[in-house]
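Working notes, beginning with the structure itself.
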Amino acid sequence: SDQRWNSDVAALREEISKAKHIVFMTGAGASAESGVPTFRGAGGFWRKWQAQQLATPEAFESNPSLVWEFYHYRREVMITKHPNKGHIAIADFEKRLSNQERRVSVITQNIDELHRQAGSANVIEMHGSLFKTRCLKCHHVKEDRNSPIVPALADRGEPDADADSSRIPEEQLPRCSQPDCDSMVRPHVVWFGESLDGVNLTAIDEELDTCDMFLVVGTSSVVYPAAMYAPMMAERNITVAEFNPEETPATDISTYHFHGPSGNFLPEILA
Ligand code: BJW
Ligand code: ZN
């Protein structure tokens, strides 16, 4: 194990064997080994797409076509992606512990649904889902797995932040299917400056109040409120273990830090 960090696999396995309620907090890095691009860090997509310009309510208001292109592109990318060793290890771990009256839950910032695809059942998607829409007018939330989501988006690839691509008229962007509504819908995700769903916040609080082990997987730990959970747990003397090939603001407060792709560690640690 590395001198800078406590990377003692046996010691963490021993602690996990005694834990009754284990919570995973995951971010884009948990899906990196599935080939899903991350936001920040090496090769992250927001380098070129300027996150702040696309993942905000203001961006959607001023250019819904561009924001829909971004989310449409990410939906289409997911068709070719599958859960990786890390997702599968977490899902198998939950199944095994549920037979022992022990609880495993996943709080994820990811909207790609790969934890569910891997078979995790206790999942809180705190930033929403790529495969849900929400009506701007009646607020109806709907699952939508159509490819393309509307014909007008079919021939649009990766949006180019610099190129002044033609805008799709609002009538041709995804619309609400509720009777007598037909208003425009948006991706059911949480953008910067928006509050998280109250139901999810309550569910997260319950998980944090009752867990005795907190594992942080593949997140840069810079986006709030997700970034405050690990320090909160450390403050309560709950063991925190971080899995990340880079150091983050959570590294110093973590009991353990496993430096590398999470899929390299999770199968052995959760076996
Ligand atoms: C690997 C790996 C491998 C690579 N294995 N690892 C308090 C303080 C300061 C600011 C705020 C605050 N409270 C609120 C704010 C403002 C804002 C915020 O946090 N800003 C910060 C940037 C400073 N937060 C909000 O606005 C939140 N709303 C809120 O708090 O409401 C109340 C409120 C309202 C108004 C004002 C104030 C308060 C909402 C945040 C919503 C974030 N939404 C996004 C988009 C969601 C939809 C989408 O996906 O498009 O969520 S932003 C984006 O970042 C996305 C992600 O879920 C999120 C986190 O990113 P994540 O997952 O950590 O990814 P990366 O790319 O950053 O990191 C990847 C990591 O993986 C890296 O560390 C790699 O090293 C690692 N990695 N390969 C393991 N193989
Ligand atoms: Zn509607």
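The values are calculated or read from the model by the stated rules, or taken from the named source; none is laboratory data. Small disclaimer: the values here were computed from a predicted structure and weren't measured. Note that each Cβ is placed from the backbone with ideal geometry, even for glycine, and that neighbours are counted across all protein chains shown. Accessible surface is based on the protein model in full, side chains and every heavy atom, while ligands, DNA and RNA are left aside. Shrake-Rupley method; radii C 1.70, N 1.55, O 1.52, S 1.80 Å.
Under 14 Å from a point 7 Å along the Cα-to-Cβ line of Cys181: which residues of segment 132-159 have their amide N that close? From segment 132-159, the list is 132-144. Rounded to the nearest 10 degrees, the angle from helix 198-210 to the longest Cα principal axis of the chain is 10 degrees. Net charge of the neighbourhood of Pro261, taken over other residues with C-beta under 12 Å away and scored Lys/Arg +1, Asp/Glu -1, is -1. The relative contact order of segment 75-217, computed from alpha carbon pairs under 8 Å that lie at least 6 residues apart in sequence, is 22 percent. Computed over every Cα-Cα pair of segment 27-143 and binned at 5 Å starting from 0, the pair-distance distribution P(r) comes out as 2, 10, 17, 22, 18, 14, 9, 5, 2, 1, 0 percent. The charge dipole of segment 1-140, taken about its Cα centre with unit charges on the Cβ atoms of Lys, Arg (+1), Asp and Glu (-1) only, comes to about 160 debye. If you model segment 182-221 as an ellipsoid using its alpha carbon gyration tensor, with each semi-axis the square root of five times an eigenvalue, the axes come out at 28, 15, 8 Å, biggest first. Under a model in which nothing but the beta-carbon of Lys, Arg (+1) and Asp, Glu (-1) is charged, the chain shows a dipole of about 480 debye around its Cα centre.
Taking a straight Cα-Cα cut-off under 22 Å and skipping sequence neighbours fewer than 8 places away in the same chain, the lysines within cross-link reach of Lys142 are Lys132. Extent along the principal axes, Cα only, for segment 164-245: 53, 34, 18 Å, with the longest axis given first. Per residue of the chain, the DSSP helices (runs of n ≥ 4 H) give a summed -39500 (n - 2.57) that works out to -9500 deg cm²/dmol at 222 nm. Relative to the longest principal axis of the Cα atoms of the chain, the long axis of helix 9-18 lies at roughly 90 degrees.
Considering only protein heavy atoms and a 1.4 Å probe, what is the carbon-and-sulfur percentage of the accessible area of the chain? With neighbouring chains kept in place, the figure for the chain is 48 percent. Accessible surface for the chain, divided over its residues, is 48 Å² per residue with a 1.4 Å probe.
Rounded to the nearest 5, what % of DSSP beta bridges with both residues in the chain are antiparallel? Mind showing how you got there, number by number?
Details: 8 of 30 bridges.
Here the antiparallel bridges make up roughly 25 percent for the chain.
According to the Kirkwood expression over distinct Cα-Cα pairs, how big is the hydrodynamic radius of the chain, in Å? Don't skip to the answer; put the middle values down first.
Values: mean 1/r = 0.0511 Å⁻¹.
After inverting the mean inverse Cα-Cα distance, the result is 19.6 Å.
For segment 70-133, the Cα gyration tensor yields ellipsoid semi-axes of 25, 13, 7 Å (square root of five times each eigenvalue, largest first, whole Å).
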